[in-house]
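The values are calculated or read from the model by the stated rules, or taken from the named source; none is laboratory data. All values derive from a computational prediction rather than experimental measurement. Every residue, glycine as well, gets a Cβ built from its backbone with ideal geometry; the counts of neighbours run over all protein chains shown. Note: areas computed on protein heavy atoms with side chains; ligands, DNA, RNA excluded. Shrake-Rupley method; radii C 1.70, N 1.55, O 1.52, S 1.80 Å.
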Amino acid sequence: MKRLLLPLACVIVVSLLLGALLAPWLAPHDPTVTDLSNRLLPPSAGHWLGTDHLGRDVLSRLLWGARASFGAVAAILALVLALGCLVGTAAGMAGGMMDAVLMRICDAFMTVPTLVLALFMIGALGTGLTNVVIAIALSHWAWYARLVRGLTLSLRHRDHLAAARIAGLSRFAIIRRHVLPVIAGQLAVLASLDLGHWMLHVAGLSFLGLGLAAPAPEWGIMINDARPFFRTAPMLVVLPGAAILLTVLAFNLLGDALRDRLDPSLHSQAH
Amino acid sequence: MLAFILRRLASLFPLLLVVSFAFFAMLRLGRGDPAMDYLRLAQIPPTDAALVAARTELGLDRPLLVQYFSWLADALRFDLGTSWFTRRPVAEEILLFLPATLQLAGTAMLLTLAIGIPLGVWAALRRDRWPDHLTRVVAFVGVSVPNFWLGFLLVLLFAVTLGWLPAMGREGPASVLLPALATAAMSACVMLRLVRASVLGALGEPHLRFARARGLPGRTLLGRHILLNAMVPPLTAIGLHLGELMGGAMVVETVFGWPGLGRWALLAIGNRDYPVLQGFIIVMTTVFVLCNLLVDIAYAWLDPRIRLRQAA
Amino acid sequence: MAEPMRGLSVTGLCLRAGTKSLVRDVSFTVAPGQVLGLVGTSGSGKSLTVMSLLGLLPADVQQTGGEVRLDGRRLDPANLSAIRGRALGFVQQAPRGGFNPLVTIGRHFRETLACDGVRGAAAEARMLSLLAEVGFAAPERLPDLYPSQLSGGMLQRAMLALALSREPDFLLADEPTTDLDLVVQQQILDLLERLVARRRLGLLLVTHDLSVIARLADHVAVMDGGSIVEEQPVAGLFAEPRHSRTQALLRAHFALYGEAQLP
């Protein structure tokens, strides 16, 4: 069972990624072109998944929506890792006052529920997909900074770092060559389990109308758009949600498998 | 125990101070000129003179720290300022909307426990048999479902098709069930897996072997020596779940037209209504932190090792 | 017909996990008022033997043969729960692990006494007399304490009192003095000796420590690789060990403690 799930998750993630990357070529129609004479069509040869309330092709919008979702999650991942590594290694290597201040800041960010914090950030930054990405990244980086700081501290006193320092390597070179590689595996485990979580946040905030603006093809927006027709054309809500579910499911399966691979001890604790 | 509670309560103040200042600064330094937003919401043309007047009125010309302490002094008297949009006191609006959100998040918490704990215990006691496999699959799907989408599906099934429960609004005690279920689904699934792991851990405890060897009856073993101990880790996780549920409630409220803080905050986000945003974050943080304090107290009450260490 | 033999007797016990044989054809008898020492290195199958007597084998270990008789009456392996605690008391090593950290000492006693319907004031009185019997000078202070507030030696005494609370005729003690410091070890061994004499307990004493055997046992069975390789009275074992495993155990013992420990 378990052996079958991992390849399945890989196939889903890869095909979704391909679908997202190749959306401009794969999508049978323009995702934003409206055609009011072909509203709310059922699935047909021309429109495999039918059309929405403005006559737009649902399949094309789903493919383009994958693009937005994957792009957003990738950007969040990059931001969180960059910020987490920067603050974490800085606090861990510097110690003292710097460490104390940085960790208090982390505490502040960890005190507030992530989605509530993200909502507040969007209030401070303004709406739009970029700000949604920044807000989600800002509400999650502190955990990564904490992890990186802890690992840095545990590494700092190991012999090979002392040797590197004696050999005259700069602090930055030590971090790059000796600290980050060790941390990478742990970060990968933590991040892979968070990808699905972030995807859900992006979808939720888009659904609230805080992300991309309305005509853009995005899964959360598609669900919000379809709300008035929810009772007559439920598939318009069901399909984008199923796309989110499938993607998050695949991410979580991958994350689980990665955790098994890289950190068996974590697995036995959580399961 | 009282000393423990008081000490924990006292430790909250510096934390809330740091948090509130961090978010105050973020809001002020975040973007653009708050005076512009103020004038826009007040529907005053943003002439230079009007901007200067607004800055003076709002105190934006003073140093950030002075602004913060003036806000803090008011906040300590439960005065969170006035909404730039509705022109009503923020504290009053929060009191108007907070109960609905707390009802939703609280019901969702109860559902999380009511679903997660029994199913988790069941899965653990039937390890590697069908209940374990079934709940594993359900939990895996459950943590991947967008809560707002689940809300629509629940409406489709229970309100539209079956007609058992209301689809929208907050009328009658039954109306909270569907939004609470949508909010709770993910937490319940996480809780289920946690309880399962925790019960499996308790089943392997050496004291259970000695309890069996004394010939204790099954219900004493299960109740006092397995479940009591197995509840400690899930209890400490309740705090984190509360945060997820409060955040989740914000989104789900929109689906069900639930008159809580979510819609109110959404309006403020769109309007860039600074006093409302500031009040929103500080109230949510305070509620969350206080709930976590309650969890800590319950934890100390359940586990004498914590209690005794605190007393020492 | 012969008079049924008094005592706890095991004949032909075989245990296996899957295809792996763990315990082979183990037989012994514990008589009332007598101490049978079961010695062997770790992994020799002695703890598993005790667990099978209590019907508390790990899920992956099966009993494939043998029977247990209590005063001549055959015990049903499927229904050992009626015997546990009542006829066979059990004391394990590492006493801290034997108590539920969330439950007071008193509650451990009350729930155990309740198995035989002893409740309320009668239970309190029984608990205090049991605690006094195992050497607590002020037993009334114990019931409200949590296990984390007691030392290892105190917990081991409390565990003995708990094991005896249902008046068993036989006591199975699995490494009862391991993890305790030497002074406390001696106290526990003295206590066990007194209890055996006073209550005419049959004691199965499982240990890897020959000094414990020398101090307490009447008979000794040596286990190695899942079988009993030698059994004889304790004096004989120390004087004339027959099996090479026994000789090795003795050499190791004398290397640690010197010849002075001989009984």
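At an R0 of 25 angstrom, the distance between the Cβ atoms of A:Ala100 and B:Leu294 translates into a FRET efficiency of 0.30.
What is chain B by shape, rounded, prolate or oblate, if you read a ≥ b ≥ c off the alpha carbon gyration tensor as root eigenvalues and call it rounded for a/c under 1.5, prolate for a/b larger than b/c, and oblate otherwise? Taking the square roots of the gyration eigenvalues as a ≥ b ≥ c, chain B is oblate.
With protein chains left intact and a 1.4 Å probe, residues in region C:100-167 average 36 Å² of accessible area per residue. With n ≥ 4 as the cut-off for DSSP H runs, can you work out [θ] at 222 nm for chain A, using -39500 (n - 2.57) per run divided by the number of residues, rounded to the nearest 500? Value at 222 nm, helices only: -24000 deg cm²/dmol. Accessible surface comparison of B:Arg129, B:Arg196, probe 1.4 Å, protein chains only, largest first: the order is B:Arg129, B:Arg196. Largest GNM mean-square fluctuation among A:His197, A:His29, A:His157, using chain A with Cα springs under 10 Å: A:His157. DSSP beta bridges confined to chain C are antiparallel in about 55 percent of cases. Once you keep just the Cα pairs under 8 angstrom separated by 6 or more residues, what percentage relative contact order results for region B:172-312? That works out to 25 percent. Find the centroid of the Cα atoms in region A:67-135 and in region B:49-76, then give the distance between the two in whole Å. Cα centroid of region A:67-135 versus Cα centroid of region B:49-76: 27 Å apart. In percent, rounded to a whole number, the relative contact order of chain B is 24, using alpha-carbon pairs under 8 Å and six or more apart.
Would you calculate the separation in nanometres between label points at A:Leu86 and B:Val160, each defined as 7 Å from the Cα along the Cα-to-beta-carbon direction? Modelled inter-label distance: 4.6 nm. At an R0 of 56 angstrom, the distance between the Cβ atoms of B:Arg77 and C:Glu140 translates into a FRET efficiency of 0.55.
With all protein chains in place and ligands, DNA and RNA left out, the 1.4 Å accessible area ranks B:Phe23, B:Phe97 as B:Phe97, B:Phe23, largest first.
Summary value for region C:100-167: 48 percent relative contact order, contacts being C-alpha pairs under 8 angstrom separated by 6+ residues. The Cα center of region C:176-225 and the Cα center of region A:142-220 differ in position by 56 Å. Beta bridges from DSSP with both residues in region C:1-143: antiparallel share about 95 percent, rounded to the nearest 5. Per-residue surface analysis assigns C:Phe238 an accessible area of about 10 Å², computed on protein heavy atoms at 1.4 Å probe radius. Specify whether the C-alpha gyration tensor of chain A places it in the rounded, prolate or oblate class, a ≥ b ≥ c being the square roots of the eigenvalues: rounded for a/c under 1.5, otherwise prolate if a/b is larger than b/c and oblate if not. Judged from the Cα gyration tensor, chain A comes out prolate (a/c at least 1.5, a/b above b/c). Shape class for the protein assembly as shown, computed from the alpha carbon gyration tensor (a ≥ b ≥ c): prolate, with a/c not under 1.5 and a/b above b/c. Once the trypsin sites (Lys or Arg not before Pro) in DSSP loops with at most 14 neighbouring Cβ atoms within 10 Å are cut out of chain A, the longest remaining piece is A:1-157.
Ranking B:Asp303, B:Asp128, A:Asp107 by solvent-accessible area of protein heavy atoms (1.4 Å probe, all protein chains present), from largest to smallest, gives B:Asp128, A:Asp107, B:Asp303. Within region C:125-263, DSSP assigns beta bridges of which about 55% are antiparallel (rounded to the nearest 5). On the accessible surface of region A:162-271, probed at 1.4 Å, how many percent belong to carbon and sulfur atoms? Here it works out to 66 percent. Within the accessible area of region A:9-50, the carbon and sulfur atoms contribute 71%, probe 1.4 Å, all protein chains present.
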